[in-house]
Amino acid sequence: MNKHRPFTGLASVMLAVVMIACPFVARAADFDTEPVMLVAKPALQADRLYNSTILIVKPMGDDQHIGFIVNKPTPVTLGRLFPDHEPSQKITEPVYLGGPVSTEVLFALVQGPESPGDRSMQITPDLYAVVDRVSVDDIIEKEADHARFYAGLVLWQPGELRSEVERGFWYVLDADSSLVLRKSTDGMWEELLERSRRNARRVRASAPDTRNYARLN
């Protein structure tokens, strides 16, 4: 049985050129260390929860991740959830479905240059997740104009997100906090799906074929 030999000589040089010239090749690996956006591929269209979704995701170490679905508004408002809370009555924007974990808990994503409090988690340089109930109440009362509220979140155990990406469920893009709080999420999935497909086509078009070079060694 023939064994594959490592690339050597010219083949190794060509592989290095591919990686330098095509930074998108490494795109799917970036979620190890950086926040990213996940864009559901059509392979997930049959999934009732994740079809046509966009998520913002943060690595938590040990190949674990936390994230929020950002384009699934619900029919429910804060005023309906908290009828006796006057600040909630002033917020007309719907609560979004953040994910299937802890859907009975309300979370907030807050955009700004500084942390909204000690009990917040930085996702991007200007986006924070607030997970503490008292702190969320404070956001509702004082910072709702640059926040969005989510019921539930998504958690990936070690290796789960990597497996999903390798199985072709997600496109992976750079995190963009401006998308998370966009006034309307209508059409966002279609927009990012096309952007992801353009990136993929660009990679395929610009990556040289190294197979002939490998045969030289």
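The values are calculated or read from the model by the stated rules, or taken from the named source; none is laboratory data. The structure presented is a predicted model; accordingly, all values stated were derived computationally and were not measured. Don't worry about glycine lacking a Cβ; one is built from the backbone with ideal geometry, like all the others, and counts go over all protein chains shown. What goes into the accessible areas is simple: the full protein's heavy atoms, side chains included, and nothing from ligands, DNA or RNA. Shrake-Rupley method; radii C 1.70, N 1.55, O 1.52, S 1.80 Å.
Data for the structure
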quantity: At 0.692 mPa s and 37 °C, Stokes D of segment 71-217 from Kirkwood alpha-carbon radius, µm² per second; calculated: 184 µm²/s
quantity: Cut-off under 5 Å, modelled amide H: who pairs with residue 71 long-range; calculated: 54
quantity: For segment 105-165, alpha-carbon Rg and Dmax in angstrom; calculated: 12.9, 40
quantity: Prolate/oblate/rounded call for segment 44-83, Cα gyration tensor, a/c under 1.5 rounded; calculated: oblate
quantity: Residue list for segment 62-96, given a label point 7 angstrom along the Cα-to-Cβ vector of residue 45 and an amide N cut-off under 20 Å; calculated: 71-72
quantity: Sequence of 50, 128 from largest to smallest accessible area, 1.4 Å probe; calculated: 50, 128
